[in-house]
Amino acid sequence: PIIFLKEVKIEAVAMDPGFCPDCGSILPLLRTTSKVACYSCHSEFDSEYTIYFNSYENKKADQAERAEKEAADGPIVNRQCPKCNNDQMSYATLQLRSADEGQTVFFTCTKCKFKMSENS
């Protein structure tokens, strides 16, 4: 007789914080207690949370920084800016209208950051 032995190796699986590490179910939202209980397997887990507050000034600074970065992104083309007459603009394209129509091209002046769009 031939006997086959099968080796089984069980490893711990790293789970996202919103999932039960025992059964993999989605955990309920944390209430006012420091414990959360899984609805499926009824396991209880200690939990901690931190609340972060963003000030209005930080949000505005982040938006300005992001806008400046986005303006610098994109290929440069020889196109005259109608505001400052600079001869270089960067561009980006988006499909804003229906799929059977052309895309919208957004141009940004590399000098004064003037923005304009064109439907192609």
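The values are calculated or read from the model by the stated rules, or taken from the named source; none is laboratory data. What you see is a predicted model, and the numbers here were worked out from it, not measured in a lab. Positions of Cβ are generated from backbone atoms using ideal geometry, with glycine treated the same way; all protein chains shown enter the neighbour counts.
Some notes on this structure:
- Residue in the range 11-31 that is at pLDDT 75 or above, touching a strand residue (DSSP E or B) at 6+ places or on another chain (Cβ under 6 Å) and of a type in the set (D, E, K, R) present: no
- A count restricted to the range 30-39 and to residues that are farther than 9 Å from residue 20 by Cα and assigned to a loop (DSSP other than H, G, I, E, B) stands at 6.
- The lone exception for residue 68 - which of (1) at pLDDT 85 or above; (2) surrounded by 10 or more Cβ atoms within 10 Å (Cβ to Cβ) it fails: (1)
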